[in-house]
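The values are calculated or read from the model by the stated rules, or taken from the named source; none is laboratory data. Source: prediction; values computed, not measured. We place every Cβ from the backbone using ideal geometry, glycine too, and count neighbours over all the protein chains shown.
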Amino acid sequence: MNDSRCRYRTVAENCYHPDLEEYHTYGIQVTSPAGSEILHDVSTSRRTVEYLVSLFNSNNLSPIHLYDAILDMIP
């Protein structure tokens, strides 16, 4: 395995919005040799986020494309 490869994983979160109050959502954590970051509140659907994480890992998505890939894939 290539040590420079990024790894993505689903992260469960609780968020708050004044109109919705507290709600359960999922983010995506990316870990690379440069460090780790979390993109919060991607979707309230665990299945959707797990699907994205699977695609990103299997295609070795570069972290610089993470935000754009999510915008392109979520309606």
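A few notes on this one:
- Restricting Thr25, Thr48 to residues that are closer than 20 Å to Pro75 by Cα, not aliphatic (A, V, I, L, M) and not in a strand (DSSP E or B) narrows the list to Thr48.
- Segment 49-63, residues that are surrounded by 12 or more Cβ atoms within 10 Å (Cβ to Cβ) and either at pLDDT 95 or above or touching a helix residue (DSSP H, G or I) at 6+ places or on another chain (Cβ under 7 Å) (or both): Val49, Glu50, Tyr51, Leu52, Val53, Ser54, Leu55, Phe56, Asn57, Leu61
Yes/no matrix, rows are residues, columns are (1) in contact with a Leu (Cβ under 6 Å, 6 or more places away or on another chain); (2) modelled with pLDDT of 90 or more:
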| position | (1), (2) |
| --- | --- |
| Arg5 | no, no |
| Thr10 | no, yes |
| Glu22 | no, yes |
| Ile28 | yes, yes |
| Glu37 | no, yes |
| Ser43 | no, yes |
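- Scanning segment 29-45 finds no residues that are touching a residue at least 12 places away in the same chain (Cβ under 8 Å), within 15 Å of Glu13 (Cβ to Cβ) and assigned to a helix (DSSP H, G or I).
- Test result for Thr10, of a type outside the set (Phe, Trp, Tyr), assigned to a strand (DSSP E or B), in contact with a Phe, Trp or Tyr (Cβ under 6 Å, 6 or more places away or on another chain) and surrounded by 11 or more Cβ atoms within 10 Å (Cβ to Cβ): yes
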